[in-house]
Amino acid sequence: MNTKKWASVLLLAGLTLGLSSCGGKENNEPKPTPNPVVTGTDGTYTISKVTVTPAEVTLDGIGKINLTEFNFGEAVLGTGEFTQVTLKDNKITFTGKKGTREYEVQNGVTIHTPKHGAMPFAPKVGSFSIKDGKLSGQLKISMYIMYLNSYKTRYGKSPSEEITKILTALNKAETESTIAFEGTVTK
(Lines give C-alpha, C1' and ligand atoms only; values in the text may rest on other atoms or scores of the structure.)
Protein backbone atom coordinates (compact mmCIF):
# COMPACT_ATOMS: atom_id res chain seq x y z
CA MET A 1 0.00 0.00 0.00
CA ASN A 2 1.16 3.44 -0.66
CA THR A 3 1.48 6.24 1.86
CA LYS A 4 -1.74 8.03 0.87
CA LYS A 5 -3.81 4.92 1.50
CA TRP A 6 -2.19 4.32 4.91
CA ALA A 7 -2.77 7.93 5.92
CA SER A 8 -6.43 7.66 4.88
CA VAL A 9 -6.91 4.40 6.82
CA LEU A 10 -5.24 5.82 9.94
CA LEU A 11 -7.28 9.05 9.71
CA LEU A 12 -10.53 7.11 9.29
CA ALA A 13 -9.64 4.77 12.18
CA GLY A 14 -8.80 7.74 14.42
CA LEU A 15 -12.08 9.52 13.62
CA THR A 16 -14.08 6.33 14.20
CA LEU A 17 -12.36 5.71 17.54
CA GLY A 18 -12.84 9.35 18.59
CA LEU A 19 -16.54 9.40 17.72
CA SER A 20 -17.27 6.08 19.38
CA SER A 21 -15.58 7.09 22.63
CA CYS A 22 -17.57 10.37 22.83
CA GLY A 23 -20.98 8.76 22.35
CA GLY A 24 -20.94 6.54 25.44
CA LYS A 25 -19.58 9.07 27.90
CA GLU A 26 -21.55 9.47 31.13
CA ASN A 27 -22.73 12.96 32.09
CA ASN A 28 -21.71 13.39 35.73
CA GLU A 29 -22.41 17.12 35.86
CA PRO A 30 -24.62 18.12 38.79
CA LYS A 31 -28.20 18.85 37.81
CA PRO A 32 -30.08 21.79 39.37
CA THR A 33 -32.28 20.67 42.21
CA PRO A 34 -35.87 21.86 42.31
CA ASN A 35 -37.16 23.70 45.37
CA PRO A 36 -37.96 20.91 47.79
CA VAL A 37 -41.20 21.10 49.69
CA VAL A 38 -40.36 20.47 53.32
CA THR A 39 -43.17 18.47 54.83
CA GLY A 40 -44.50 19.02 58.31
CA THR A 41 -43.83 22.76 58.38
CA ASP A 42 -47.05 24.07 56.84
CA GLY A 43 -49.22 25.79 59.38
CA THR A 44 -49.90 29.02 61.18
CA TYR A 45 -47.56 30.20 63.92
CA THR A 46 -48.52 32.75 66.58
CA ILE A 47 -45.60 35.12 67.05
CA SER A 48 -44.59 35.70 70.65
CA LYS A 49 -41.33 37.64 70.24
CA VAL A 50 -40.04 40.13 67.66
CA THR A 51 -36.75 42.01 67.95
CA VAL A 52 -35.28 44.61 65.57
CA THR A 53 -31.53 45.23 65.74
CA PRO A 54 -30.53 48.05 65.72
CA ALA A 55 -33.76 49.63 66.92
CA GLU A 56 -32.61 53.14 65.95
CA VAL A 57 -30.10 54.73 63.59
CA THR A 58 -28.91 58.28 63.11
CA LEU A 59 -28.74 59.52 59.52
CA ASP A 60 -26.92 62.59 58.21
CA GLY A 61 -29.34 65.40 57.51
CA ILE A 62 -32.29 63.51 59.00
CA GLY A 63 -31.47 62.60 62.59
CA LYS A 64 -32.66 59.57 64.57
CA ILE A 65 -34.91 57.06 62.83
CA ASN A 66 -36.81 54.37 64.71
CA LEU A 67 -36.01 51.33 62.54
CA THR A 68 -38.54 49.19 64.37
CA GLU A 69 -41.40 51.44 63.26
CA PHE A 70 -39.87 52.14 59.85
CA ASN A 71 -39.18 48.47 58.95
CA PHE A 72 -42.70 47.38 59.89
CA GLY A 73 -44.30 50.50 58.45
CA GLU A 74 -45.51 51.37 54.98
CA ALA A 75 -42.04 52.13 53.63
CA VAL A 76 -40.53 48.66 54.03
CA LEU A 77 -42.75 45.71 55.03
CA GLY A 78 -46.11 47.40 55.50
CA THR A 79 -47.28 44.79 58.00
CA GLY A 80 -46.92 46.34 61.42
CA GLU A 81 -45.17 44.18 64.00
CA PHE A 82 -45.69 40.49 63.19
CA THR A 83 -48.53 38.73 65.02
CA GLN A 84 -48.54 35.53 62.97
CA VAL A 85 -46.62 33.71 60.27
CA THR A 86 -48.21 31.22 57.87
CA LEU A 87 -46.24 28.62 55.91
CA LYS A 88 -47.95 26.96 52.95
CA ASP A 89 -46.76 25.60 49.60
CA ASN A 90 -43.28 27.19 49.58
CA LYS A 91 -44.71 30.56 50.63
CA ILE A 92 -44.33 32.36 53.93
CA THR A 93 -46.82 35.06 54.85
CA PHE A 94 -46.13 37.58 57.60
CA THR A 95 -49.24 39.09 59.16
CA GLY A 96 -49.20 42.15 61.38
CA LYS A 97 -51.60 44.75 62.69
CA LYS A 98 -51.41 46.75 59.43
CA GLY A 99 -51.42 44.02 56.78
CA THR A 100 -49.70 40.99 55.26
CA ARG A 101 -46.61 40.38 53.17
CA GLU A 102 -45.84 37.18 51.25
CA TYR A 103 -42.39 35.83 50.41
CA GLU A 104 -41.08 32.72 48.67
CA VAL A 105 -39.45 29.86 50.57
CA GLN A 106 -36.55 28.22 48.75
CA ASN A 107 -34.56 25.17 49.76
CA GLY A 108 -37.00 24.60 52.59
CA VAL A 109 -35.64 27.29 54.94
CA THR A 110 -34.57 30.45 53.10
CA ILE A 111 -36.86 33.43 52.60
CA HIS A 112 -36.69 35.29 49.28
CA THR A 113 -38.54 38.30 47.93
CA PRO A 114 -40.98 37.26 45.23
CA LYS A 115 -39.74 37.87 41.68
CA HIS A 116 -41.70 40.47 39.80
CA GLY A 117 -41.18 42.61 36.74
CA ALA A 118 -37.74 42.31 35.20
CA MET A 119 -36.03 40.92 38.32
CA PRO A 120 -33.66 38.17 37.16
CA PHE A 121 -33.66 36.45 40.58
CA ALA A 122 -35.39 36.56 43.96
CA PRO A 123 -32.97 38.05 46.53
CA LYS A 124 -32.58 36.18 49.81
CA VAL A 125 -33.87 38.23 52.75
CA GLY A 126 -33.88 35.73 55.59
CA SER A 127 -34.22 32.23 56.94
CA PHE A 128 -36.14 30.23 59.51
CA SER A 129 -36.18 26.92 61.33
CA ILE A 130 -38.88 24.84 62.98
CA LYS A 131 -38.26 22.48 65.86
CA ASP A 132 -40.89 20.85 68.08
CA GLY A 133 -43.64 23.17 66.82
CA LYS A 134 -41.58 26.30 67.48
CA LEU A 135 -40.68 28.69 64.68
CA SER A 136 -37.64 30.94 64.85
CA GLY A 137 -36.29 33.06 62.06
CA GLN A 138 -34.91 36.33 60.92
CA LEU A 139 -35.19 38.81 58.11
CA LYS A 140 -32.14 40.84 57.10
CA ILE A 141 -33.23 44.22 55.83
CA SER A 142 -30.75 46.08 53.63
CA MET A 143 -30.77 47.52 50.10
CA TYR A 144 -33.42 50.00 51.18
CA ILE A 145 -33.44 51.41 47.66
CA MET A 146 -35.15 48.15 46.57
CA TYR A 147 -38.10 49.03 48.83
CA LEU A 148 -38.23 52.52 47.33
CA ASN A 149 -38.18 51.10 43.79
CA SER A 150 -40.95 48.60 44.52
CA TYR A 151 -43.16 51.00 46.51
CA LYS A 152 -45.44 51.96 43.63
CA THR A 153 -45.86 48.31 42.62
CA ARG A 154 -46.90 47.35 46.15
CA TYR A 155 -49.18 50.29 46.96
CA GLY A 156 -50.23 51.67 43.58
CA LYS A 157 -49.06 55.17 44.45
CA SER A 158 -45.78 57.06 44.71
CA PRO A 159 -44.06 57.24 48.10
CA SER A 160 -44.22 60.44 50.11
CA GLU A 161 -41.30 62.85 50.02
CA GLU A 162 -40.40 61.85 53.61
CA ILE A 163 -40.32 58.11 52.82
CA THR A 164 -38.25 58.75 49.69
CA LYS A 165 -35.76 60.87 51.66
CA ILE A 166 -35.39 58.32 54.47
CA LEU A 167 -35.09 55.25 52.23
CA THR A 168 -32.50 57.04 50.09
CA ALA A 169 -30.51 58.03 53.21
CA LEU A 170 -30.69 54.49 54.66
CA ASN A 171 -29.43 53.09 51.37
CA LYS A 172 -26.63 55.67 51.11
CA ALA A 173 -25.53 54.85 54.68
CA GLU A 174 -25.60 51.12 53.75
CA THR A 175 -27.81 50.48 56.77
CA GLU A 176 -28.56 46.89 57.68
CA SER A 177 -31.02 45.66 60.28
CA THR A 178 -32.23 42.29 61.47
CA ILE A 179 -35.77 41.36 62.45
CA ALA A 180 -35.71 38.22 64.62
CA PHE A 181 -39.01 36.47 65.34
CA GLU A 182 -40.22 33.48 67.33
CA GLY A 183 -43.56 31.74 67.58
CA THR A 184 -45.45 28.52 68.19
CA VAL A 185 -47.71 26.52 65.91
CA THR A 186 -51.45 27.16 66.28
CA LYS A 187 -52.92 25.19 63.36
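Label-to-label distance for T100 and I145 is 3.3 nm, based on points extended 7 Å past Cα in the beta-carbon direction. For E74, nonlocal amide neighbours, meaning residues 5 or more places apart or on other chains whose placed amide H falls under 5 Å from its own, do not occur. Here the extension length gained between T164 and K91 equals 23.4 nm, from 0.36 nm per residue of separation less the Cα-Cα distance. Using a cut-off of 26 Å between Cα atoms, the listed pairs K64/K88; K98/K157; K64/K172; K88/K140; K98/K131; K91/K165 include K64/K88; K98/K131; K91/K165 as exceeding that distance. Modelled spin-label separation between T58 and T83, with each label point placed 7 Å from Cα along the Cα-to-Cβ direction: 3.6 nm. When the surface is traced with a 1.4 Å probe over the full set of protein chains, K124 keeps roughly 130 Å² accessible. Extension gain for the segment V109 to K124, taken as residue separation times 0.36 nm less the Cα-Cα distance, is 4.3 nm to one decimal. Ordered from largest to smallest accessible area (heavy atoms of protein chains, 1.4 Å probe), the residues K165, K98 come out as K98, K165.
Filter the chymotrypsin sites (Phe, Trp or Tyr not before Pro) in segment 59-140 down to the DSSP loop ones having no more than 13 other Cβ atoms within 10 Å, then list what survives.
Working: sites: F70, F72, F82, F94, Y103, F121, F128; in loops: F121.
Sparse-neighbourhood loop chymotrypsin sites (Phe, Trp or Tyr not before Pro): F121.
Taking every alpha-carbon pair within segment 120-187, the share separated by more than 19 Å comes to 50 percent.
Ratio of Rg to Rh for segment 53-187: 0.96 [Cα atoms; Kirkwood radius as inverse mean 1/r over pairs].
The values are calculated or read from the model by the stated rules, or taken from the named source; none is laboratory data. Model, not experiment: these values are computed from the prediction. Counting neighbours? That spans all protein chains shown, and the Cβs are built from the backbone with ideal geometry, glycine included. Remember, those area values only see protein heavy atoms, side chains included, never the ligands or the DNA or RNA. Shrake-Rupley method; radii C 1.70, N 1.55, O 1.52, S 1.80 Å.
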